[in-house]
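Asks: Got a structure here, written out as structure tokens. Questions coming.
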Amino acid sequence: MKTLRFILLLLLTCHLSTFVLSWKKDEFRNCNQTPFCKRARSRKPASCTLSASHVTISHGDVIAKLIPKPKPEPEPEPNTPLILALSVYQNGIVRIKIDEDYSVPSPKNKKRFEVPDVVVSEFSNQKLWLQHLSTETLDGDSSPSSVVYLSDGYEAVLRHDPFEVYVRETGSGDRVVSLNSHGLFDFEQLREKKEGEEWEERFHGHTDSRPHGPQSISFDVSFYGADFVYGIPEHATSLALKPTRGPGVEESEPYRLFNLDVFEYLHDSPFGIYGSIPFMISHGKSRGSSGFFWLNAAEMQIDVLGSGWDAESGISLPSKQGRVDTFWMAEAGVVDVFFFVGPNPNDVLRQYTSVTGTPAMPQLFSIAYHQCRWNYRDEEDVEQVDSKFDEYDIPYDVLWLDIEHTDGKKYFTWDRVLFPNPEEMQKKLYAKGRHMVTIVDPHLKRDDSYHVHKEASEKGYYIKDASGNDFDGWCWPGSSSYPDTLNPEIRSWWADKFSYQNYVGSTPSLYIWNDMNEPSVFNGPEVTMPRDALHLGGVEHRELHNAYGYYFHMATSEGLVKRGDGKDRPFVLSRAMFAGTQRYGAVWTGDNTADWDHLRVSIPMVLTLGLSGVSFSGADVGGFFGNPEPELLVRWYQVGAFYPFFRAHAHHDTKRREPWLFGERNTELIKDAIHVRYALLPYFYTLFREANTTGVPVIRPLWMEFPSDEATFSNDEAFMVGNSLLVQGIYTERAKHASVYLPGKESWYDLRTGSVYKGGVTHKLEVTDESIPAFQRAGTILTRRDRFRRSSTQMTNDPFTLVIALNSSQAAEGELYIDDGSSFNFLHGSYIHRRFIFANGKLTSVDLAPASSGNHYPTNTVIERIILLGHASGSKNALIEPSNQKVDIELGPLWVQRARSPAVVTVRKPNVRVADDWTVKVL
């Protein structure tokens, strides 16, 4: 973020002369400039010569040696075996680890890096301890293969020669997912440098010493029964991943996973940006879904191979099964991969998040609307912006401060001229139920008067350069160093910095934003840290680069938990991400641009993050760079109101764009979009709890809810919010019509008007500036709060409205989850979880909380309205049990706060307590 300003500063001070003022791809390496990628891509199918031998069961795992066949070279390399361990876990998960055999004497003085603190500790308890192996000679093989039970209906197969691992369905033998079916596996083992050999690599004036030489790994992974593959964020591209190699495929780079601070990233590119999650999910009509995850934090490149890419290989794979082939390449690390059998999309997400953790339960305020800018100038600016929201009756929950609030870009400090009374400023906001977020980045100013730097330097807590000195790079403060958050001791030290005593001027209503944590180094290769920088235990930065921001995010999140004595849920926004990031907070899609293409691509970007476990994400509403025209800004608010993370943000060189600055009409439209979000907060909060318990994302591709409908598989202009709402953005200016596909056999109800639309049909709809197409699915019940306050915090005791969208059977279901919105008490049973069921003319409230919890969240809130969409009018009243009371049924507004809202069948003032069991019978 904010790279332009710093570039100008550097040009003025002559520190650097090679920067440019807009993103150019030659500032970053492509595959041909990345030796490990170039080598791997040159490999041909069947080039792997490994075979599995000495296959045994040990400590509940299948253990084997992978032995290469001798190469006909004048001086052949020693055939050092690799060690394979195959483990089986509950719910259809296979883990395969392949590493060097460290029991063999070797002159090398390094062990390959395995990424710590990503797999959750509970996962080990799900291991199935294998007792025996079955053997089977597969068709065409001359030797037997090993077969182990995986779960009901599935087996894992270790093929010995040629080496291959796959999961198959029991009985049919149909494959699900496989590794090395095409013989592309390659593992560059650590070795001594040969005389005259060149290991250094150079790019744009930077030299990577590569002291341990080539150590890359590559292999093919195939997904059977798949029509498309998805995942591997972060890229600004389509939801369904496009082929990057194969017949008829335009020349393309692989999908790159390498965390980078990319200035003005392109909106349709496989180029890697801020985050890297090496998880892929497949989906197809014939089989459903499966998944694959490689726990590796080094740079990764991934090809999606187009149909027929291997036509000349001579390899014959099962022809009755369609498949998608992929090719994975990493610079370093080990093979530590997971197969997830599905078969439903939700199953794959549950399986994946059982490994890396489910998303944290956010505070309620954090899922409401956030107002941010680089930068709100001073306390007076903060106060004026805050008061304007009240003047225009626009709710918001969080005001953000960027880097300019600090004393000389020194984090945990305040510019006491511009912000002389930070505690009082925060308390004024909190009096209205509002919160503040300040930015804390990992680059620490090298200034001996700065206490954080001085302490880090004295304790030896910084990442080292290749020579063993504290790494010194350029970022916002100028000369900076970076804490080594791979080290748990340093993470604990960093966490302590968020105490009220250490972060002077902070209060309990202040939360944190981690930016630039890729990590961004302005004078580094590709604007990041050199790969040969050193971390704890001599680990090179190349081995953990993609996880650095993850560890920094972890330490910050734990700091806020520690600050609140373990009683307060943290809120930390991070730009960089890795597998497991979902456990520590939210992310956003970085420095987007105020144009229609970036609005459009925000949907597949956020959907892909959700598919990769990171539910709490969003894009900067309005675009970070540039000045959006009012129509674009309004359309962005209308879509952004449905992002899981809803924040407006802008570059300091843009015009001010608070919601009231674009004329009365546009102010009303933006306010209406924000009001929709606040009305739906109970529904969103319930979805966040579902994500917290199951891993299923808050917003979802259509195919997650309609997995057999092929028309949904590549649709990334529309999305589902939970299972009840379908939203279609408007992505072109002056649009008069929109084509919206509504899947399924049941009807859909327009969210604004209640009008009914047939399912399974593409509708050409007239659109106005008032809203974007959004529909409630027949058979669902939405929970709303229709009274608008200054903030979500002030809505705590407001009554609820239930919107029941009846299906063809005159039935519907929905859920509502409530807790105190801020503490961890919900982990001890202090919550309310209800299921509402409408059938046979009767609405029933059922308690979903376990009886053993015995500590339900105390509340007297009630349901004040029940709206029946699709119910024939004529009923005059309803009977409430067990109180035996009758209440009126009449026509009432679908949206109380909207002028000209259509009239719908409404049960008026049932006033049943949301925490109780009850029924409402329509008479």
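The values are calculated or read from the model by the stated rules, or taken from the named source; none is laboratory data. Bear in mind the structure is a predicted one, so any value in this text is a computation, not a measurement. Neighbour counts run over all protein chains shown; Cβ positions are idealised from the backbone, glycine included. The area values use the complete protein model at the heavy-atom level, side chains included, leaving out ligands, DNA and RNA. Shrake-Rupley method; radii C 1.70, N 1.55, O 1.52, S 1.80 Å.
Asks: How about segment 92-109: which of its residues are open to solvent by less than 10 Å² (accessible area, probe 1.4 Å) and farther than 18 Å from VAL335 by Cβ?
Replies: GLY92 - this is the single residue of segment 92-109 that is open to solvent by less than 10 Å² (accessible area, probe 1.4 Å) and farther than 18 Å from VAL335 by Cβ.
Asks: May I pose another question? Inspect all residues belonging to segment 587-602 and state whether any of them is open to solvent by 10 Å² or more (accessible area, probe 1.4 Å) and in a loop (DSSP other than H, G, I, E, B).
Replies: Scanning segment 587-602, I find at least one residue that is open to solvent by 10 Å² or more (accessible area, probe 1.4 Å) and in a loop (DSSP other than H, G, I, E, B), so the answer is yes.
Asks: Of all the residues that make up segment 489-527, how many are hydrophobic (A, V, I, L, M, F, W, C), on the phi < 0 side of the Ramachandran plot and open to solvent by 10 Å² or more (accessible area, probe 1.4 Å)?
Replies: Quick first cut of segment 489-527, residues hydrophobic (A, V, I, L, M, F, W, C) only: 490, 493-495, 498, 504, 510, 512-513, 516, 521-522, 527.
Checking which are on the phi < 0 side of the Ramachandran plot leaves us with 490, 493-495, 498, 504, 510, 512-513, 521-522.
Checking the rest, the ones that are also open to solvent by 10 Å² or more (accessible area, probe 1.4 Å) come to 493, 504.
Total satisfying the criteria: 2.
Asks: Select from segment 281-296 the residues that are open to solvent by 10 Å² or more (accessible area, probe 1.4 Å) and of a type outside the set (S, T, N, Q) and write down the one among them that is farthest from PRO343 (Cα to Cα). Please lay out each step first, then the result.
Replies: The initial filter retains those residues of segment 281-296 that are open to solvent by 10 Å² or more (accessible area, probe 1.4 Å), namely 285-288.
Next, from what is left, pick out any that are of a type outside the set (S, T, N, Q): 285, 287-288.
Values: LYS285: 11, ARG287: 7, GLY288: 5 Å.
Selected residue: LYS285.
Asks: Let me ask something additional. Quick one: is GLY322 open to solvent by 10 Å² or more (accessible area, probe 1.4 Å) and over 30 Å from GLY623 (Cα atoms)?
Replies: On the way: open to solvent by 10 Å² or more (accessible area, probe 1.4 Å): yes; over 30 Å from GLY623 (Cα atoms): yes.
Spelling it out, GLY322 is indeed open to solvent by 10 Å² or more (accessible area, probe 1.4 Å) and over 30 Å from GLY623 (Cα atoms).
Asks: Here's something else I'd like to know. Counting only residues that are at pLDDT 95 or above and either aromatic (Phe, Trp, Tyr) or at positive phi (or both), give me the strands (runs of 3 or more DSSP E) lying completely in segment 698-796 with at least 2 of them.
Replies: Numbers: elements: 718-721, 725-728, 737-742, 748-750, 761-766, 774-777, 780-784.
Because the criterion is at least 2 residues that are at pLDDT 95 or above and either aromatic (Phe, Trp, Tyr) or at positive phi (or both), the strands (runs of 3 or more DSSP E) in segment 698-796 that meet it are 748-750.
Asks: Tell me yes or no: at least one residue of segment 26-41 is within 33 Å of the chain's Cα centre (by Cα), open to solvent by 80 Å² or more (accessible area, probe 1.4 Å) and at pLDDT below 95.
Replies: Yes - at least one qualifying residue is present in segment 26-41.
Asks: Okay, next question. Where the second residue is among the aliphatic types (A, V, I, L, M) and the first is part of a helix (DSSP H, G or I) and lies in segment 451-471, which pairs have Cβ atoms under 6 Å and are six or more apart or on separate chains?
Replies: From segment 451-471, the pairs are VAL452/LEU444; HIS453/LEU444.
Yes/no matrix, rows are residues, columns are (1) in contact (Cβ under 8 Å) with a residue 60 or more places away in the chain; (2) of a type outside the set (Phe, Trp, Tyr); (3) out of contact with any strand residue (DSSP E or B) (no Cβ under 9 Å at 6 or more places or on another chain):
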site: VAL767; (1), (2), (3): no, yes, no
site: GLU770; (1), (2), (3): yes, yes, yes
site: LEU782; (1), (2), (3): yes, yes, no
site: ARG790; (1), (2), (3): yes, yes, yes
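Asks: Output yes when any residue across segment 271-280 is open to solvent by less than 10 Å² (accessible area, probe 1.4 Å), touching a residue at least 12 places away in the same chain (Cβ under 8 Å), in a strand (DSSP E or B) and more than 15 Å from MET329 (Cβ to Cβ), and no when none is. Let's see the steps before the verdict.
Replies: Filtering segment 271-280 for residues open to solvent by less than 10 Å² (accessible area, probe 1.4 Å) gives 272-280.
Next, only the ones that are touching a residue at least 12 places away in the same chain (Cβ under 8 Å) stay: 272-280.
Applying the additional criterion that residues be in a strand (DSSP E or B) yields 275, 279-280.
Now restrict to residues that are more than 15 Å from MET329 (Cβ to Cβ): 275, 279.
The answer is yes, given that some residue of segment 271-280 is open to solvent by less than 10 Å² (accessible area, probe 1.4 Å), touching a residue at least 12 places away in the same chain (Cβ under 8 Å), in a strand (DSSP E or B) and more than 15 Å from MET329 (Cβ to Cβ).
Asks: When both residues are 6+ apart or on different chains and their Cβ atoms are under 6 Å apart, which pairs have a first residue that lies in segment 550-568 and is polar (S, T, N, Q), and a second that is assigned to a helix (DSSP H, G or I) and at pLDDT below 95?
Replies: none
Asks: Something else now. Do any residues in segment 482-511 that are in contact (Cβ under 8 Å) with a residue 60 or more places away in the chain and within 12 Å of MET554 (Cα to Cα) have Cβ atoms under 6 Å from those of residues that are open to solvent by 10 Å² or more (accessible area, probe 1.4 Å) and not in a loop (DSSP other than H, G, I, E, B), where the two are at least six apart or on different chains, and which pairs are they?
Replies: THR485/ARG491; LEU486/LEU536; ALA495/GLU558; ALA495/LYS562
Asks: Same structure again: Of the residues PHE338, PHE365, which is of a type outside the set (Lys, Arg), assigned to a strand (DSSP E or B), modelled with pLDDT of 95 or more and touching a strand residue (DSSP E or B) at 6+ places or on another chain (Cβ under 6 Å)?
Replies: Values: PHE365 fails: assigned to a strand (DSSP E or B).
Within the list PHE338, PHE365, the selection yields PHE338.
Asks: Here's something else I'd like to know. Here are some conditions: (1) within 20 Å of LEU573 (Cα to Cα); (2) open to solvent by 10 Å² or more (accessible area, probe 1.4 Å). PRO530 meets all but one. Which one does it not meet?
Replies: With (1) within 20 Å of LEU573 (Cα to Cα); (2) open to solvent by 10 Å² or more (accessible area, probe 1.4 Å) applied to PRO530, the lone miss is (1).
Asks: Next question. Just to be sure before I move on: is PRO858 modelled with pLDDT of 95 or more and out of contact with any Asp or Glu (no Cβ under 7 Å at 6 or more places or on another chain) in the structure I sent? I'd like the intermediate steps shown before the answer.
Replies: On the way: modelled with pLDDT of 95 or more: no; out of contact with any Asp or Glu (no Cβ under 7 Å at 6 or more places or on another chain): yes.
In short, no.
Asks: Which of the residues spanning segment 363-390 are under 28 Å from PHE826 (Cβ atoms) and touching a helix residue (DSSP H, G or I) at 6+ places or on another chain (Cβ under 6 Å)?
Replies: LEU364, PHE365, ILE367, ALA368, TYR369
Asks: Cβ-Cβ below 7 Å, separation at least six or inter-chain, first residue in segment 520-536 and part of a helix (DSSP H, G or I), second of a type in the set (Asp, Glu) and at pLDDT 95 or above: which pairs?
Replies: Note: pairs meeting the criteria are VAL527/ASP261; LEU536/ASP484.
Asks: Let me ask another. Does ASP208 satisfy being in contact with a His (Cβ under 9 Å, 6 or more places away or on another chain) and of a type in the set (D, E, K, R)?
Replies: Working: in contact with a His (Cβ under 9 Å, 6 or more places away or on another chain): no; of a type in the set (D, E, K, R): yes.
In short, no.
Asks: Moving to a separate point now. Of everything in segment 593-652, what is touching a helix residue (DSSP H, G or I) at 6+ places or on another chain (Cβ under 9 Å) and charged (D, E, K, R)? Give them in sequence order.
Replies: Result: ASP595, ASP620, GLU631, ARG635, ARG647.
Asks: Does any residue of segment 384-393 turn out to be part of a helix (DSSP H, G or I) and within 29 Å of PRO519 (Cβ to Cβ)? Step through it out loud before you land on a result.
Replies: Here is the first cut: in segment 384-393, the ones part of a helix (DSSP H, G or I) are 384-391.
With the extra rule that they be within 29 Å of PRO519 (Cβ to Cβ), the set shrinks to none.
Scanning segment 384-393, I find no residue that is part of a helix (DSSP H, G or I) and within 29 Å of PRO519 (Cβ to Cβ), so the answer is no.
Asks: Enumerate the strands (runs of 3 or more DSSP E) found wholly within segment 800-900, keeping only those where 2 or more residues are free of Cβ contacts under 8 Å to residues at least 60 places away in the same chain.
Replies: Hits in segment 800-900: 812-818, 832-839, 877-881, 885-893.
Asks: Let me ask something additional. Against the condition under 26 Å from VAL120 (Cα atoms), within 19 Å of the chain's Cα centre (by Cα) and either part of a strand (DSSP E or B) or modelled with pLDDT under 95 (or both), how does PHE293 come out, does it pass?
Replies: Yes: the conditions hold for PHE293.
Asks: Which ones in segment 787-816 are touching a His at 6+ places or on another chain (Cβ under 9 Å) and open to solvent by less than 40 Å² (accessible area, probe 1.4 Å)?
Replies: First, pick out the residues of segment 787-816 that are touching a His at 6+ places or on another chain (Cβ under 9 Å): 788, 791, 793, 804, 806, 810, 815-816.
Scanning segment 787-816 gives SER791, ILE804, LEU806, LEU816.
Asks: Identify all residues within segment 819-858 that are open to solvent by less than 20 Å² (accessible area, probe 1.4 Å) and of a type in the set (Val, Ile, Thr); write none if there are none.
Replies: ILE832
Asks: Mind listing just one residue for me: the one in segment 176-232 that is in a strand (DSSP E or B) and β-branched (Val, Ile, Thr) and, of those, surrounded by the fewest Cβ atoms within 10 Å (Cβ to Cβ)?
Replies: Just the residues of segment 176-232 that are in a strand (DSSP E or B), to begin with: 176-179, 186-187, 201-203, 206-208, 217-224, 228-231.
This time we only want the ones that are β-branched (Val, Ile, Thr), so: 176-177, 207, 217, 221, 229.
Details: VAL176: 32, VAL177: 28, THR207: 13, ILE217: 26, VAL221: 25, VAL229: 25.
My answer is THR207.
Asks: Considering only segment 861-882, state which residues are at pLDDT below 95 and open to solvent by 50 Å² or more (accessible area, probe 1.4 Å).
Replies: ALA872, SER873, GLY874, LYS876
Residue-wise test of (1) more than 21 Å from MET577 (Cβ to Cβ); (2) touching a Cys at 6+ places or on another chain (Cβ under 9 Å); (3) among the aliphatic types (A, V, I, L, M); (4) part of a strand (DSSP E or B).
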| residue | (1), (2), (3), (4) |
| --- | --- |
| VAL606 | no, no, yes, no |
| PRO628 | yes, no, no, no |
| GLU631 | yes, no, no, no |
| ARG635 | yes, no, no, no |
| TYR643 | no, no, no, no |
| PHE662 | yes, no, no, no |
| ARG665 | yes, no, no, no |
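Asks: Does segment 425-437 include one or more residues that are assigned to a loop (DSSP other than H, G, I, E, B) and open to solvent by 10 Å² or more (accessible area, probe 1.4 Å)?
Replies: Restricting attention to segment 425-437, the residues satisfying the condition of being assigned to a loop (DSSP other than H, G, I, E, B) are 431-434.
Among the residues that remain, those that are also open to solvent by 10 Å² or more (accessible area, probe 1.4 Å) are: 431-432.
Yes: segment 425-437 contains one or more residues that are assigned to a loop (DSSP other than H, G, I, E, B) and open to solvent by 10 Å² or more (accessible area, probe 1.4 Å).
Asks: Just the residues that are part of a strand (DSSP E or B) and polar (S, T, N, Q), please, taken from segment 901-923.
Replies: So in segment 901-923, the residues part of a strand (DSSP E or B) come out as 903-913, 918-922.
Listed by number, the residues that qualify are THR906, ASN911, THR919.
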